[in-house]
Amino acid sequence: MNMAKYLRSAGLLIASLLLLNIFTVSASAEMQNNVIPPGEKLEVIYNQGTHLEGPAVAPDGQVYFCDLTPSSLAKGVLFGGHIMKYDPKTKKITVFRSPSGQADGLAFDAVGRLIAAEAADYGGRRITATDLETGKAIILAAEFDDQPLNSPNDVVTDNTGNIYFTDPRYFGKEAMNQAVQGVYRIDRDGKISLIIGNAGKPNGIALSPDQKTLYIDSNDNGLFDYRSSTAGLTPRRGFDGILAYDLLEDGTAKFREIIYQSPGFKPDGMRVDVAGNIFVANYDPSHPGILVLSPKGKEIGYIQTPETTTNCEFGIGAESNVLFITSNKALYKIVTTHQGEKKSYQ
């Protein structure tokens, strides 16, 4: 399946955005190769977001997700982001924390704490861990080499308690203090290490089921802040694609290969299933959706969505085959034929 054939005109994009008012959307014909069971529908759970991101499922099955509120989109009121919570049992959406520090990516660690990557633009520029029982949060990382982080974007935890996160910059007027847009590891003892500095503009992050491969996607839009594109000038995009790194026993990461890149593909957040297949959000308005790849980068299928997607997450237990998808405005869910990888707390 060639990604190029899915490029669409701006007119089709506008038409697709109108579907946000519909609370069930028929599964597209492009949901191919047994990724979606016949007759399954893409369901809209919530459609009042500003810029939704970073879904993560808690040990009790509730779905936490971020609502970024970039200052460039503010209309008289300046927010600092929200973390929302969806209860699959009651179907209710509530605010878990606001302001969130512009939380962009979420994950739960091996002891069930909510790990948040907080971005720039009046955000925390840090990694925090929240105890869901007490509601209290601690700061795990806010600096490297005595300088503030750029804008933590996405985060993943391993089964032993280590935390990996990406630190690019997509929006925010704050100074850029780090020499690279890098990938970091926080050890169980709190030590912070820069482990990757050659992944372009790192965005989404995921671990293989055997914990030996770290996947990083680069989505290099050529800007450190969307507002810096002025006077009609078009920025030059950098590398867009998914890279695989071997995680070595000493905790370092070694580049192995580029496993996927294609015209019309601008990767954002991603998750893996129990077999190691990669479900990655394509942040390209010409062909929004979730691309499904084998561990070697072979295209398996595509779940098309009505608007630009940002990330995804599998449920747990009876919903381990349910994929939750965040987009600019909406949180979706759909039943798949795949089972999500076990979470670090399971």
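The values are calculated or read from the model by the stated rules, or taken from the named source; none is laboratory data. Being a predicted model, the structure only gives us computed values, none of them experimental. Please note: Cβ atoms are built from the backbone with ideal geometry, for glycine as well, and neighbour counts cover all protein chains shown.
Answer yes or no as to whether T128 is touching a strand residue (DSSP E or B) at 6+ places or on another chain (Cβ under 6 Å) and among the hydroxyl-bearing types (S, T, Y). Criteria met by T128.
Among the residues of region 164-196, the ones that are of a type outside the set (S, T, Y), at negative phi and surrounded by 14 or more Cβ atoms within 10 Å (Cβ to Cβ) come to 19 in all. Of all residues in region 323-332, exactly one satisfies the criterion of being surrounded by fewer than 23 Cβ atoms within 10 Å (Cβ to Cβ) and either under 21 Å from K89 (Cβ atoms) or within 14 Å of the chain's Cα centre (by Cα) (or both), namely N328. Just to check your reading of the model, which residue among G315, G297, G276 is farther than 16 Å from Y215 by Cβ and surrounded by fewer than 23 Cβ atoms within 10 Å (Cβ to Cβ)? Only one candidate qualifies: G315. When the criteria are applied in full, L291 fails the requirement of being in contact with a Ser or Thr (Cβ under 7 Å, 6 or more places away or on another chain), in a strand (DSSP E or B) and under 29 Å from S320 (Cβ atoms). When S100 is tested against (1) more than 21 Å from G49 (Cβ to Cβ); (2) surrounded by 22 or more Cβ atoms within 10 Å (Cβ to Cβ); (3) of a type in the set (S, T, Y), only condition (1) is not met. Just one of the numbered conditions (1) surrounded by 17 or more Cβ atoms within 10 Å (Cβ to Cβ); (2) assigned to a strand (DSSP E or B) is not true of S344: (2).
Evaluation of S71 against the conditions (1) under 16 Å from T336 (Cβ atoms); (2) modelled with pLDDT of 50 or more; (3) surrounded by fewer than 19 Cβ atoms within 10 Å (Cβ to Cβ) shows that the sole unmet condition is (1). Taken over region 133-189, the criterion of being free of Cβ contacts under 8 Å to residues at least 12 places away in the same chain and of a type in the set (V, I, T) is satisfied by T134, I138. Give region 74-99 a look and list any residue that's of a type outside the set (F, W, Y), more than 21 Å from Y332 (Cβ to Cβ) and either at pLDDT below 95 or within 16 Å of the chain's Cα centre (by Cα) (or both), or say none. Across region 74-99, the qualifying residues are A74, K75, G76, V77, L78, G80.
Restricting attention to region 51-80, the residues that are assigned to a loop (DSSP other than H, G, I, E, B), touching a Gly at 6+ places or on another chain (Cβ under 8 Å) and not β-branched (V, I, T) total 5.
Restricting to region 299-322, name every residue that is under 12 Å from the mean Cα position of the chain (by Cα) and of a type in the set (S, T, Y). Spell out the reasoning first.
Initially, region 299-322 is screened for residues under 12 Å from the mean Cα position of the chain (by Cα), giving 309-313.
The answer is T309, T310.
From the list I83, I36, the lone residue that is surrounded by 15 or more Cβ atoms within 10 Å (Cβ to Cβ), in a loop (DSSP other than H, G, I, E, B) and among the β-branched types (V, I, T) is I36. In summary, E43 fulfils each of the numbered conditions (1) in contact (Cβ under 8 Å) with a residue 24 or more places away in the chain; (2) closer than 25 Å to Y345 by Cβ; (3) of a type outside the set (S, T, N, Q) with the single exception of condition (2). The criterion of at least 2 residues that are over 21 Å from H338 (Cα atoms) and of a type in the set (D, E, K, R) is met, among strands (runs of 3 or more DSSP E) falling completely within region 195-287, by 240-247, 253-260. So is S208 within 18 Å of the chain's Cα centre (by Cα), at pLDDT 95 or above and surrounded by fewer than 21 Cβ atoms within 10 Å (Cβ to Cβ) or not? Against the criterion (within 18 Å of the chain's Cα centre (by Cα), at pLDDT 95 or above and surrounded by fewer than 21 Cβ atoms within 10 Å (Cβ to Cβ)), S208 qualifies.
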